[in-house]
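Every read-out reported here was derived from the displayed coordinates using simple, explicitly stated rules and does not represent laboratory data. Source: prediction; values computed, not measured. In this analysis, Cβ positions are derived from the backbone assuming ideal geometry, glycine residues included, and neighbour counts consider all displayed protein chains.
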Amino acid sequence: MENYAPEYFELPSPLVFVQGLEHGRPASLDSEASDLLSNPILLSPSYTQDMLHRTSPAVTAACGLELVTRISAHARADVFWDNAIIKNRLGTPRACNVRFISTQHYLPTRKSPTGSPLSAFAMQDAHALLTEHWFQKHFALVPSVVVSVYEIDGSVSDPQRYLQQDAELAQEINMLKAQLAGQDIRLVPLMVCAQSSDAPSLDARVASLRRLTQLGTKLFYLPAGTQREIEVLVEVLMTSVRTLALDYYVNLEKRIRKRKLNKHGHELNTVGSALPPSSLDTTPTYVSALHLEARQLVKLAVVSQFRLASHDATLKLLEQAHKLLVQVLSNADEFAHASPITPDTWQNYRALLDVIAFHATRLYLACEFPNVAYTKFDHHIQVVISHLLKPRGIRPASAPVLYWLSAQFEWLADLTSRCPSIVSRNHALCPDSVGGVGVLSMLHPGFSAMKSLSLLKRMGTDAAKGPPGPSDGYLSEYTQDIDSQTRELALLDKAERCFQTESAKANQFTRTLSTIYFQKAEIYYGLQQYELAVEWFTRCLDDEFSHWSYLASTVYWRLLSAWGALGQVDEMVSVYLKLCCLPARIHEQIDLLFTRFLESREVAVTTNPVDIQCLFENRVTPLSKASSVQLRLASLVKQSAVSPQNFVLQEVVVEFDRGFKNVRLKHDGSKPVEGLVTLQETDFQENDGVLEAAVNLDLSAAKIFQFTQHCSMIGTFSVKSVAYKASFSLGANATVVSLSGSSVFQQGFQDRYAWHGSNTRYISTSRPWTTDIEPRRPETIVTVSEPPHAIKGEKLKLTVLVDNKDHASVNVDLIVDDTAHSNGTKAPVPVQWADSSGSTVVDVGPKTAQALVLSVAVPMDWDNNVIRVKIKTIFYVENDRDIPVVDYLSFSIPVIDPFKYLLLIQPRLRDGDMPSPMVIPEDIADSIPLVQRSWSARVSVGYTQKDKVALGPLKIVGYELVTTTDLSEHTVGAIASEDSPITLEPETSAGLERLFYTRPTGAKSARNLALACHMKIQWQREGGEVNELVTPSWKLSLPLLDPRILLMVEKSDPRAIGLVYTIENPTARVFTFSTTFSNYELDYNLVVGTDIVQTVLVLPFSHHELRYSIIPKTTAEWFKLPELKVYDVNYKVSLPTLLATTDVRQDRGNNFLVNSSFLE
């Protein structure tokens, strides 16, 4: 943006002057202020300057520096962009253009009542529409608010003295306020004091100052306090400043809008009189209404940004102003009699067009429409070329136009690089934010800079191609003495910064960066700055150019020339060898570069012209065996007319990190030339701990050398490096050049490594230059009898067999790894040996075996479908504890849960449950009998197949019902019974029944009893351990005091079914029931029984039986039993019938069914 006055592109932010904090002003501000005051426009006769009225010295209180820091935090960080202008962040407070001024500061004033001396129509060029001086006035010279800081002396205790001081200070503030009011500038005084607010009369003095200055709360007061108190006050202060600044710019906009035009097109002041021509103008000033309207629109658009107007309204003003300016310049002949377009006018109008385009682009970016912003930017360029330049015969490819285009893309790059959240840096183009036809995509800021560079480079080529013609004088002062290399480097630096991202892995523009580095290097090379040229050529090779052989050869050729100019022969040889390794064409002038350096010499090169691979055959090698190593050598130099001749390796040294002896291979031309050479132990001679052998190292073809070596220690060993010494002849004189280099094998990776031999094969390791030397592994095998599956809650006994087939005895440590079978945060599965420990030691003699027992207990809450067991085995041959051989035995046991459970609770009737009310036992003190009720808990256990796992029969050897209740007034007890083992086959179920009773412990009894129950089941496989299975817990609620009807069946004779209905009354009340025996006529013959319909009286704590005997009329499999309806006469309710036997079933329709087998 250096092609324009900085005020043109500056972000309109409220200009705020802070006076009185002298020690917070950088020295650069003094020079900047002097530059502003020495501006030619301010030195015109119509301009005068008044010094701001201030007699008080600068603040010396300790809080002054903190005030500078806190106020500076509200200043804008960037002159051209602020994220607060983004549309979705408009609620964020805007930063201000804060400037700290001295106690002797001048403001521009105007003496002429006709207009401001900074107006374009008061300039020497009377036809300038709006110069940079108007922008400079509102961006740097005339503030909207002045914050004047004063210090109150709180140490004065004499009332007469400090009242006099306050009166003088109030008079000074009033004079400054009146002086600023002449230009509608707001004043915000800030009083600071070195004493705290508790000092006597300070608050009263501040109140007096507010009254005398009539500023009220707009006069701020800061006593000595903490940093937090200063921060809070500055926040309030800057909020008030923003509000006052907004009022200032609103009034400024009103004054601009009040200006009108008379019928001759003269601009009128606020009272309606025409502005006379400037005394500096030698010709009459007649300005068309179109000119003045455009001028007014530009002013309004800038001021609307100052006053934080909506982006849409500002954009409308900018687009209208751009359109009017283009219309004025396109139809310049129509206004020639009134407003001739002079060269200065052309410069001014063109600059305003660029300024309008910049402001519009910035606002579209603030609206988060980057593609629309670029469309408007492109429209601006096309309009200028098609409507302004071509009609005047100015070629778009001329040097001034190309420079102007370069400047446009440069400011676009500067602008878009400041808003990465809107213009993405991860893509070349922004994704579409707004649809529609004709919307272009915003460029990456780096590509905008590259476009600017491309246009700049075309100035010297395209401009010379076209025919001579009219020239564009716009920006001509920049194109006359342009330093093209400096500008190109600046643009390349700018593009580089735009393309660089925080993470190198995330950078998608490595090739573009390589191009930038290459162009930088070319510029430095042309400037004969060879050190910098070498640096940037090397950087571009480090990135992408090295993958493009032709481009790489070009870069290496430049490097070769640069190193030659610097006289660095070693580097020249290195680059020369790199060139020779590329398949692209090599420049034939290489000999000329070496002419003044050609002499027999020895150099150390950074280039490796030899492809070296050194690898072990096996990843793991026993200590008793030799390790096989292959060394492959191949020349990377491509044969051509300028390639090095007689390229021979004189010596190759393979260096191991430890464990192995280094190997040195020396060249012997008499040795046969073979592709694969196998070196025996007799081919080596040891010299100072290095094994030496003579071989043919002529690399006209690839060479492979294979040798073996024993290692005397265990551990991990690797090839550290392969060093070599080589020689070749160069030039017509066959000058011999000796070089040395090495290849390190600690880094790098390739897909596959080949082991060459009669049958070439690939090595299955990613680091073949390393090998592990481990102790001799004995021929001892550890196996385990893995079960097909395990059931949750099962205890397994596994047999671990240690079979030693070795000729020596072996001591084996077996250690269970708990981490292998843990389940998240839960405790690991108990896996133990016979002694209940996690490890054991076993001594196995030669050719013998020993069996161990491993216990695995599967928890009931195991929620994984497999248990993984890992056993660490440590072998010690002949009980040598210094040389362990470690191995692991791992296996998995599938875990299943094949059981399904169903609980059925039924009442039971037992003798003694209902005590006689007439008999009171001696051990019971209560007069009310204690009613006991019996219950049957029947758990149906289903044994089903899971996950296609074959199941075997199980045997249930016992089971127990566990009940719990929170009611202490009741007792729940089990009723003893005898059981026999139950065999459970797969896909079957078994009913496990347990009886229990409920009985109150005292006279007080609950109506219902809440309890929980589950069943513990003992089961085992055939020949296995007894395991315990715990069913889920069921929550029950059993009635204790409700009358109930119990149904039992009995066999009265071979053909009849006996039905026994028992009505229980566990209460102290007398119940009257009406009973009806029904629904038997169709299916049964009633043999004997109680009356079909009768009334039954049931006394307290007693029961009553109703017996019926029926004979089925049909021969069905299941018989539906008749229904007994029992109705409580007093409570008007019907009582349900409950089953008290397992011989009767109840279907979903609450019908009772009995099987025909009951009669057999």
Under-5 Å amide H pairs with VAL192, H placed in peptide plane, nonlocal only: TYR150, GLU151, ILE152, LEU222
What residues have an amide H closer than 5 Å to that of ALA849, excluding those fewer than 5 places away on the same chain, when H is modeled at 1.01 Å from N in the peptide plane? ASN804
Förster radius 45 Å - calculated FRET efficiency between ALA62 and GLN171, Cβ distance, rounded to 0.05: 0.95
Across segment 951-960, in residue order, what do the Karplus-derived ³J(HN,Hα) couplings come to in whole Hz, using 6.51 cos²θ - 1.76 cosθ + 1.60 with θ = phi - 60° and x for Gly and Pro? 9, x, x, 10, 10, 8, 9, x, 7, 9
Radius of gyration and Dmax over the Cα atoms of segment 756-822, both given in Å: 19.4, 58
Specify whether the C-alpha gyration tensor of segment 898-1038 places it in the rounded, prolate or oblate class, a ≥ b ≥ c being the square roots of the eigenvalues: rounded for a/c under 1.5, otherwise prolate if a/b is larger than b/c and oblate if not. prolate
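Report the local net charge at SER809: Lys and Arg +1, Asp and Glu -1, summed over other residues whose C-beta lies under 13 Å from its C-beta.
Values: positive: LYS805, LYS847; negative: GLU779, ASP806, ASP843, GLU878, ASP880.
Taking every Cβ under 13 Å from that of SER809, the sum is -3.
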Which ordering of LEU1097, LEU130, LEU141 is given by a fewest-first count of other beta-carbon atoms within 10 Å? LEU1097, LEU141, LEU130
Considering amide H positions built from the backbone, and no H for Pro or chain starts, which residues 5 or more places from ASP50, or on another chain, come under 5 Å of its amide H? LEU107, THR109
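How long is the gain from HIS53 to ALA178 if the chain were fully straight, where each residue apart is worth 0.36 nm and the alpha carbon distance is subtracted? Each step should come with its number before you reach the end.
Numbers: separation 125, 0.36 × 125 = 45.00 nm, distance 0.98 nm.
The HIS53-ALA178 span can extend by a further 44.0 nm.
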From phi via Karplus (6.51, -1.76, 1.60), per-residue ³J(HN,Hα) for segment 776-787 in Hz, x at Gly/Pro: 5, 7, x, 7, 10, 10, 10, 10, 9, 7, 7, x
From fewest to most C-beta neighbours within 10 Å, the residues HIS53, HIS133 line up as HIS53, HIS133
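Assuming a ≥ b ≥ c are the square roots of the Cα gyration tensor eigenvalues, decide whether segment 608-774 counts as rounded (a/c under 1.5), prolate (otherwise, with a/b larger than b/c) or oblate. Don't skip to the answer; put the middle values down first.
Working: a/c = 1.99, a/b = 1.67, b/c = 1.20.
Verdict is prolate for segment 608-774.
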Given 398-405, 1086-1093, the highest-first ranking by average Cβ count within 10 Å works out to 398-405, 1086-1093
The ³J(HN,Hα) series, computed from each phi in segment 349-359 with the Karplus coefficients 6.51, -1.76 and 1.60 at θ = phi - 60°, rounded to the nearest Hz and given as x for glycine or proline, is 5, 5, 4, 5, 4, 5, 5, 4, 4, 5, 4
Burial ranking of peptide ranges 442-448, 236-242 (average Cβ count within 10 Å, highest at the top): 442-448, 236-242
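Under the classification rounded if a/c is under 1.5, otherwise prolate if a/b is larger than b/c and oblate if not, where does segment 784-890 fall, given a ≥ b ≥ c as square roots of the Cα gyration tensor eigenvalues? Numbers along the way, then the final one.
On the way: a/c = 2.79, a/b = 2.00, b/c = 1.39.
Judged from the Cα gyration tensor, segment 784-890 comes out prolate (a/c at least 1.5, a/b above b/c).
Listed highest first by mean packing, meaning other Cβ atoms within 10 Å per residue, what order do 883-896, 60-73 come in?
Numbers: 883-896: 15.6, 60-73: 17.4.
For the peptides 883-896, 60-73, the packing ranking is 60-73, 883-896.
Net charge around THR716, counting only other residues with Cβ within less than 12 Å of its Cβ (Lys, Arg = +1; Asp, Glu = -1)?
0
Please tell me which of these pairs span more than 19 angstrom C-alpha to C-alpha: LYS451/LYS494; LYS638/LYS671; LYS316/LYS376; LYS948/LYS1016? Present the calculation step by step, with values, prior to reporting the outcome.
Values: LYS451/LYS494 12 Å; LYS638/LYS671 25 Å; LYS316/LYS376 13 Å; LYS948/LYS1016 27 Å.
Violating the 19 Å Cα-Cα cut-off are LYS638/LYS671; LYS948/LYS1016.
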Segment 1042-1160: Kirkwood hydrodynamic radius (Cα pairs, Å) comes out at 14.9
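Within the set LYS797/LYS1035; LYS177/LYS258; LYS661/LYS805; LYS720/LYS847; LYS720/LYS872, which residue pairs have Cα atoms separated by over 31 Å?
In this structure, LYS797/LYS1035; LYS661/LYS805; LYS720/LYS847; LYS720/LYS872 lie more than 31 Å apart at Cα.
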Which order results if TYR576, TYR1127 are arranged by neighbouring Cβ count within 10 Å, fewest first? TYR1127, TYR576
